[in-house]
């Protein structure tokens, strides 16, 4: 389930071995999610009584960012700006259940988020929680320490997102051990 993003650049001659950076690939995948039209992706069928069709939990580290993506259809991925990630985690029941819990937490706290006009990534020590709704994108930016220590109104959303990360890590480790 661990994916390392690398692609050969063919250039004008059709040959070459330049690699697209991990950050470029992660940002490209991230951009696709941020620009996704839920109706075109078939996510409008999940709208009954719901406003949120997807969410991102983005964490800034000193030399990288991590973006957790969770969609209403169960799609669950983790993009790392360092060139790795996990795609297809929602195919596992425990990951899918954690993803639903994360989306519910985002829905329950949507009133604490503001309209999202930017697509910036968080700086080190910060977390951006993004809600993808049928009415547009919303976001909140907070210190990771405050969220992690339960000292922020969005700590429950942060914990739910980390529940997804824990399940992704469990599945990834089991596969790495031959499971």
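The values are calculated or read from the model by the stated rules, or taken from the named source; none is laboratory data. Note that the structure is predicted; figures quoted are calculated from it, not measured. Positions of Cβ are generated from backbone atoms using ideal geometry, with glycine treated the same way; all protein chains shown enter the neighbour counts.
Looking at 90, 54, 74, can you tell me which residue is in contact with a strand residue (DSSP E or B) (Cβ under 7 Å, 6 or more places away or on another chain) and modelled with pLDDT of 90 or more?
After applying the criteria, what remains is 54.
Can you confirm whether residue 124 is more than 16 Å from residue 26 (Cβ to Cβ), touching a residue at least 24 places away in the same chain (Cβ under 8 Å) and surrounded by fewer than 21 Cβ atoms within 10 Å (Cβ to Cβ)?
Against the criterion (more than 16 Å from residue 26 (Cβ to Cβ), touching a residue at least 24 places away in the same chain (Cβ under 8 Å) and surrounded by fewer than 21 Cβ atoms within 10 Å (Cβ to Cβ)), residue 124 qualifies.
Closer than 17 Å to residue 77 by Cβ, touching a strand residue (DSSP E or B) at 6+ places or on another chain (Cβ under 9 Å) and either touching a residue at least 60 places away in the same chain (Cβ under 8 Å) or in a helix (DSSP H, G or I) (or both): is that true of residue 130 in this structure?
Judged against the criteria, residue 130 is a match.
Can you confirm whether residue 135 is within 28 Å of residue 35 (Cβ to Cβ) and modelled with pLDDT under 95?
So residue 135 fits the description; yes.
Return the total of residues in the range 39-85 being in a loop (DSSP other than H, G, I, E, B), touching a residue at least 40 places away in the same chain (Cβ under 8 Å) and under 16 Å from residue 110 (Cβ atoms).
The qualifying residues number 3.
Quick one: residue 137 ticks every box in (1) touching a residue at least 40 places away in the same chain (Cβ under 8 Å); (2) surrounded by 21 or more Cβ atoms within 10 Å (Cβ to Cβ); (3) in contact with a strand residue (DSSP E or B) (Cβ under 7 Å, 6 or more places away or on another chain); (4) within 24 Å of residue 44 (Cβ to Cβ) bar one, so which box is it?
All conditions pass for residue 137, except number (2).
Please indicate, with yes or no, whether at least one residue in the range 142-159 is under 13 Å from the mean Cα position of the chain (by Cα) and either at pLDDT below 95 or within 20 Å of residue 35 (Cβ to Cβ) (or both).
No: zero hits.
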